[in-house]
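The values are calculated or read from the model by the stated rules, or taken from the named source; none is laboratory data. Because the structure is predicted, anything quoted here is derived from the model rather than measured. With ideal geometry, Cβ positions are generated from the backbone for all residues, glycine too; neighbour counts draw on all protein chains shown. SASA here: full protein model, heavy atoms, side chains in, ligands and nucleic acids out. Shrake-Rupley method; radii C 1.70, N 1.55, O 1.52, S 1.80 Å.
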There are 2 protein chains.
Amino acid sequence: MSRWIQDGDNVDITNERKKGTFDTERMSAWIHGGPEVLKRRREILSFVKSIDDFKDPVPTEFMSREERILNNARKVVAMTDNTDQIDGSDFFGEGMYYQALTMGRDLHAMSLHYVMFIPTLQGQTDDEQLDEWLTKAISRAVVGTYAQTELGHGTNLSKLETTATYDSATEEFVLNSPTITAAKWWPGGLGKSSNYAVVVAQLYTKGECKGPHPFIVQLRDDETHMPLKGIRLGDIGPKLGINGNDNGFLLFDKVRIPRRALLMRYAKVKPDGTYVAPAHSKLGYGTMVFVRSIMIKDQSTQLAAAATIATRYASVRRQGEISPGKGEVQIIDYQTQQFRVFPQMARAFAFMAAATEIRDLYMTVTEQLTHGNTELLAELHVLSSGLKSIVSWDTAQGIEQCRLACGGHGYSQASGFPEIYGYAVGGCTYEGENLVMLLQVARFLMRAAEGVRKGSAKLADIGAYIGKTGPKTSRLTTHYHYTDADLVADLEHAARKQVFRAYDRLKKAQEHLSPEVAWNSVSVELAKASRWHVRVYLVKNFLNKVALAPQDLKFVLTDVARLYAYDIITSSIGAFLEDGYMSSNQMNEVKEGIYECLAKIRPNAVALVDSWDYDDKELKSVLGRRDGNVYPALLEWAQNSQLNRSDVLPSHTKYLGPMMKDARSKL
Amino acid sequence: MSRWIQDGDNVDITNERKKGTFDTERMSAWIHGGPEVLKRRREILSFVKSIDDFKDPVPTEFMSREERILNNARKVVAMTDNTDQIDGSDFFGEGMYYQALTMGRDLHAMSLHYVMFIPTLQGQTDDEQLDEWLTKAISRAVVGTYAQTELGHGTNLSKLETTATYDSATEEFVLNSPTITAAKWWPGGLGKSSNYAVVVAQLYTKGECKGPHPFIVQLRDDETHMPLKGIRLGDIGPKLGINGNDNGFLLFDKVRIPRRALLMRYAKVKPDGTYVAPAHSKLGYGTMVFVRSIMIKDQSTQLAAAATIATRYASVRRQGEISPGKGEVQIIDYQTQQFRVFPQMARAFAFMAAATEIRDLYMTVTEQLTHGNTELLAELHVLSSGLKSIVSWDTAQGIEQCRLACGGHGYSQASGFPEIYGYAVGGCTYEGENLVMLLQVARFLMRAAEGVRKGSAKLADIGAYIGKTGPKTSRLTTHYHYTDADLVADLEHAARKQVFRAYDRLKKAQEHLSPEVAWNSVSVELAKASRWHVRVYLVKNFLNKVALAPQDLKFVLTDVARLYAYDIITSSIGAFLEDGYMSSNQMNEVKEGIYECLAKIRPNAVALVDSWDYDDKELKSVLGRRDGNVYPALLEWAQNSQLNRSDVLPSHTKYLGPMMKDARSKL
Ligand SMILES: Cc1cc2nc3c(=O)[nH]c(=O)nc-3n(C[C@H](O)[C@H](O)[C@H](O)COP(=O)(O)OP(=O)(O)OC[C@H]3O[C@@H](n4cnc5c(N)ncnc54)[C@H](O)[C@@H]3O)c2cc1C
Ligand SMILES: Cc1cc2nc3c(=O)[nH]c(=O)nc-3n(C[C@H](O)[C@H](O)[C@H](O)COP(=O)(O)OP(=O)(O)OC[C@H]3O[C@@H](n4cnc5c(N)ncnc54)[C@H](O)[C@@H]3O)c2cc1C
């Protein structure tokens, strides 16, 4: 039966696993990309388990920040010492898995080194610079980060305040932070770990500002690791999550760096100070799409972890009776519980499908570009910004639903949820603040709507629906006969309607306002249009994937995909009832469809989450343990508490004890 | 103008304060209950500021758990040493304010002592017991907690596993934890601070189980504070929030306690073991309503704090341009930003209004009860359960929206948000898990619906709408002419519709299922009905309060109340469009109403949040500072980071440094 069953497991969870109507191993292979991939995952897992340096002396929840930082540094060195164990070119697959197993969910001293520093060097240096810096970075002779955001500016890069003023006398740039708000703020690993950074600063030469440019800057002494002269930097303090990382601040007091510190792939400054503008506008899209596809994979992995924990726990937690006298039920039997947890599981499936698809699309587009075909590029860029925004937000909300569904124990760090949430929700803000991203998507949508209205739209697949004429009313009869095509048509109707609602309002506002003020005055509607655009894509993509799944997996995946789609529809009922596109009866059918999906998923729920193939080492949750034996494990976990190191704490000896003694003496 | 303006303040925030169109001092008085109350608040504030023991040596975010526990113990002793400074009978007002100022948002060693231990003694002891224990508790000769929840059982009290078996030979009860799941788990202050607890255990006498009963139990030695024989207890480990509290676990190994440890106000056990059942069923409703009205006040205070931080920060943060070349705008000028933050402010106002109302209703009901009038009791009990659920969830979501609206800096603990969220969201789980509460509300609603259908309904004010026949279609023409009465009628329509939708589905399900299984099969719909029931109350109550407000405050409060109501309507558009109750055009009017409210609130936003009268000492947020000078304060705050105590960390010396050195040597 299920490979997840072992002797000594909690009986309820074993029974759930026996109930599963499909082969979890085949499902895992479908999810992760084939049996070969699964085999490799397990090799990596046993390697990681075999290395002592990857073990945490106590669960990381019990460590102070200093202890976490130290623990992470040990592990990251071990991790990068052993990269020969994985296929480094497969960062999306083996790389992310290896890192999750070794480092957990925390960021570490070299996160930015790999995610931003090296890619920036690869993208922005000229050949000579590449030679020098890439060698150093890859060999780990330096640890770098990416310092762009400042105290005063994140979203609006054009107003960064750090200056790099060229001095042709010495052929140097002078880096300076003219104000407090110019302090670099947030870069991962900047506070204590990195000794180099790519610093984004306003380039001044010959008295003119040329806008923000990237410079490679040494921050700390090679030998002593002390900050170099004129450089003030440190940790920015504790955060909602990722406290094992030393996100830092950085101020420059007229620090001189060589002319060749400017990364010169595109723009250049000649020795005499002449500025050479980039030959072609930056083709940065590709990398951004790739980084975001990684983020989407990462977010879906966090949501799937949360759904795994909540589903397994719901199958072992017994609380209350449904039929009096028949004994306490597993809470997974409550319809409200299913309604809380299963849609999160469905979202995780949908987001994983999107992550793979975006990665593949990225490959296609890169390939097309080599033939000069840029057709898909803009839409894809837009889509990945939108996906980043929707996926990170739905993930955050979903994680919290899963946590709350575990009652009191969900609130304990033993559950893993507080860490999962703190880590994942950061994704709503970095790599482009979510609302700002949605407004960018809206620019594309408004251009598309304009094109459609003017009859000149050229829309590739992703946005094609904007130019389509769909049915006047939904073709839904009963949810049993609701085809994928009809469902998609209904969602496209809602999306299109919102796109044009926003467009028409924008046009109307432009009648009496400047284009920009008009834009702001309808921006809430614009953001809504973007959400619809992305959600339609998510559903379509998921349904398409499921349609191609092997027959023995398809039936249960269909329940999951339908739940995902119906949940979107019933969360915005108004969009479908408006103007009689759907009748109340049709909407009732969708609601019934949800209840039907919940009931059908119920017996397969544990098997579905098992299929994601989380090892306990990756899941890091007492509530989500494979074996379901949560209660003894909770008791054992709690023994690690810092407060349990002694029976009587100084808080008693110094304050509460004397207070009580005094009162007793007066009784 | 505004009392909030001072020299040296950030110019943007001062300008906002000058824009305000009403007197913040009068608004504060309206919110808090009159100028006298404000005066008292400020007296309490200056007292607290004058006492050294209330000062935190560093911001608490930088403390380890051990340090927090110690710091809290010092402060709580000082706080309770000085209770003569406040009117102790006014816990809802002066008590909560005093505690917020001294203790911050964390719970402390004596939270449960005051919130549960003493009230339980007051409610459950007989006169002799009251004499003995209340004296000890109030004089602080003992510190107690309330130990009910176990590892295995929280919601379903009837299945608690701790046993108290009467031994008539020695006239003692034997307390025992027969299984691991019987371990008490979660009680606040149980781990290390308390030496006494009210323990809820299954009472066995003469071989029969009489169900869960409360016992007063000594846990630790008076002098040494060591756990008594047979008692194993400790801290349950770190949590999402309230880590300054030692929520604990507790296991009994056949611990003998005297017969009189059973709290005997209602049930008794005679020396020979005869069980005397309670004469009348417990009238516990009153206390529960009171505790929940405190929770609602507390939750609204947290949401208001979040809205204050986000609003003030949005007025000093400048990012991006709306009109090109016109300079960066305050982010509060973005419509999307207003749409994120202002509805949270409106909710906080609505919830505060509900908290006061529930407290007053509680008084009325208590008064009515003395005349044997129980008419309102059930409805009020139900309402307070429902409110607890809706308010805590909307608060949690609202806090996160406010946090995300602050971009990167919202993620830092400097913002205060991580602590506010971690603290407040606990309220979704304790005092009755939210979904379980909603299902309790639904029982009342289904009885009401049944009564209406059978023509026998007796519904007091709160649920009267269930029996009313409203208009067939909404009377809304334009949002300018939308009266409170029409608005309420529309909301009541939606609520009633969902109540009967759930009822009809329940009846239909009961045709082929047992009543209990049928109940479960429609429970998602039941919970929805409960949400509507509570939200209708929240809107009605808020509108009523505003209608009675002084003229000079009413206009801006009306904008706030309308925003709250319109936000509810547009979040459930389907409920109004269904069956043509509203047309798309009418719904568009509501949407326009929202945009209008946002624009009207815009110039008053800072003044509105100022009116809540948060001192920086209470707000504890670098982003929400009164003076708006957030950037230098962020830099200063960060210097406290544990990691900034030395320039070079062991993580470098031990791991990263050698790694780089090794690589350099090979270059
Ligand atoms: C965990 C974490 C890690 C990070 N790591 C790094 C790093 O390694 N290196 C680095 O350089 N930076 C890093 N950052 C910074 C991050 O990139 C920025 O915080 C992010 O880009 C958001 O910008 P902001 O903070 O300026 O938000 P703001 O722009 O100030 O956002 C505040 C509010 O204003 C609104 N807003 C802003 N502009 C507009 C607009 N034009 N229209 C409408 N609304 C608007 C937003 O929607 C938001 O509600 C990190 C941040 C976090 C939280
Ligand atoms: C911060 C905090 C402080 C606390 N302090 C104390 C304290 O001082 N003293 C004390 O004794 N306890 C305390 N508790 C425990 C708290 O009272 C319980 O956690 C709470 O009552 C929820 O119960 P549970 O944990 O058993 O949740 P569960 O009942 O296990 O809930 C898990 C899931 O099951 C669902 N569920 C359960 N029953 C039903 C049902 N009948 N129908 C439908 N769904 C159902 C819930 O909706 C939820 O989704 C505290 C808890 C927290 C988080």
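Residue pairs whose Cβ atoms lie under 9 Å apart, sitting 6 or more positions apart in sequence or on different chains, and linking a residue in segment A:356-385 that is without any contact (Cβ under 8 Å) to a residue 60 or more places away in the chain to a partner that is acidic (Asp, Glu), are A:368/A:375; A:373/A:367. Residues in segment B:641-667 that are without any contact (Cβ under 8 Å) to a residue 60 or more places away in the chain, surrounded by 13 or more Cβ atoms within 10 Å (Cβ to Cβ) and not in a helix (DSSP H, G or I): B:647, B:648, B:649.
Considering each of A:212, A:178 in turn, give the residue that is under 23 Å from residue B:631 (Cα atoms) and either facing another protein chain (nearest Cβ under 10 Å) or in a strand (DSSP E or B) (or both).
A:212
Every condition in (1) at pLDDT 90 or above; (2) on the phi > 0 side of the Ramachandran plot holds for residue A:468 except the one numbered (2). In the condition set (1) within 16 Å of ligand 2 (Cβ to nearest atom); (2) within 10 Å of chain B (Cβ to nearest Cβ), residue A:401 is compliant with all but (2). Restricting attention to segment A:137-152 and to residues that are open to solvent by 10 Å² or more (accessible area, probe 1.4 Å) and at the interface with another protein chain (Cβ under 7 Å from one of its Cβ atoms), the residue that is nearest to the chain's Cα centre (by Cα) turns out to be A:149. The set of residues in segment B:311-322 that are within 16 Å of residue B:403 (Cα to Cα) and either away from chain A (no Cβ under 13 Å) or acidic (Asp, Glu) (or both) comprises B:311, B:312, B:315. Applying the criterion of being more than 16 Å from ligand 1 (Cβ to nearest atom) and open to solvent by less than 10 Å² (accessible area, probe 1.4 Å) to the residues of segment A:411-433, the residue that is nearest to residue A:389 (Cα to Cα) is A:417. Among the residues making up segment B:543-553, those that are open to solvent by 50 Å² or more (accessible area, probe 1.4 Å) and assigned to a helix (DSSP H, G or I) are B:544, B:545, B:547, B:551, B:552.
Of all the numbered requirements in (1) open to solvent by 20 Å² or more (accessible area, probe 1.4 Å); (2) not in a loop (DSSP other than H, G, I, E, B), residue B:224 misses one, and that requirement is (2).
Within segment B:99-120, the presence of at least one residue that is open to solvent by 20 Å² or more (accessible area, probe 1.4 Å), small (Gly, Ala, Ser), part of a helix (DSSP H, G or I) and in contact with a helix residue (DSSP H, G or I) (Cβ under 6 Å, 6 or more places away or on another chain) is confirmed. Filtered by the rule that a residue be within 10 Å of chain B (Cβ to nearest Cβ) and closer than 18 Å to residue A:633 by Cβ, segment A:50-64 gives A:59, A:61, A:62. Selection over segment B:294-322 of residues that are open to solvent by 10 Å² or more (accessible area, probe 1.4 Å) and within 16 Å of ligand 2 (Cβ to nearest atom) gives a count of 4.
In this entry, residue B:178 passes the filter for residues that are more than 16 Å from ligand 1 (Cβ to nearest atom), open to solvent by 10 Å² or more (accessible area, probe 1.4 Å) and more than 28 Å from residue B:95 (Cβ to Cβ). Remark: pairs (first residue in segment A:409-420, closer than 14 Å to residue A:314 by Cβ; second residue within 8 Å of ligand 2 (Cβ to nearest atom) and modelled with pLDDT of 95 or more; Cβ separation under 7 Å; 6+ apart in sequence or on different chains) = A:410/A:404; A:415/A:406; A:415/A:409; A:417/A:410.
In this structure, is residue A:199 hydrophobic (A, V, I, L, M, F, W, C), within 22 Å of residue A:259 (Cα to Cα), in contact with a Lys or Arg (Cβ under 9 Å, 6 or more places away or on another chain) and away from ligand 1 (no atom under 16 Å from the Cβ)? If you could, list the steps in order and put the result at the bottom.
Values: hydrophobic (A, V, I, L, M, F, W, C): yes; within 22 Å of residue A:259 (Cα to Cα): yes; in contact with a Lys or Arg (Cβ under 9 Å, 6 or more places away or on another chain): yes; away from ligand 1 (no atom under 16 Å from the Cβ): no.
Taking the combined requirement at face value, the residue does not satisfy it.
In segment B:496-509, is there at least one residue being open to solvent by 10 Å² or more (accessible area, probe 1.4 Å), in contact (Cβ under 8 Å) with a residue 60 or more places away in the chain, under 23 Å from residue B:570 (Cβ atoms) and of a type in the set (S, T, N, Q)? Yes, segment B:496-509 contains at least one residue that is open to solvent by 10 Å² or more (accessible area, probe 1.4 Å), in contact (Cβ under 8 Å) with a residue 60 or more places away in the chain, under 23 Å from residue B:570 (Cβ atoms) and of a type in the set (S, T, N, Q). Tally the residues that are within 30 Å of residue B:83 (Cα to Cα), more than 8 Å from ligand 2 (Cβ to nearest atom) and either outside any helix (DSSP H, G or I) or of a type in the set (D, E, K, R) (or both), restricting the search to segment B:133-175. Matching residues across segment B:133-175 total 7. Number of residues in segment B:323-359 that are of a type in the set (Gly, Ala, Ser) and either within 16 Å of ligand 2 (Cβ to nearest atom) or within 12 Å of another protein chain (Cβ to nearest Cβ) (or both): the value is 3. Residue A:599 satisfies every condition listed in (1) facing chain B (nearest Cβ under 8 Å); (2) open to solvent by 30 Å² or more (accessible area, probe 1.4 Å); (3) small (Gly, Ala, Ser) except (1).
Taking segment A:602-631 only, how many residues are surrounded by fewer than 18 Cβ atoms within 10 Å (Cβ to Cβ) and over 25 Å from residue A:407 (Cβ atoms)? Of the residues in segment A:602-631, 2 are surrounded by fewer than 18 Cβ atoms within 10 Å (Cβ to Cβ) and over 25 Å from residue A:407 (Cβ atoms).
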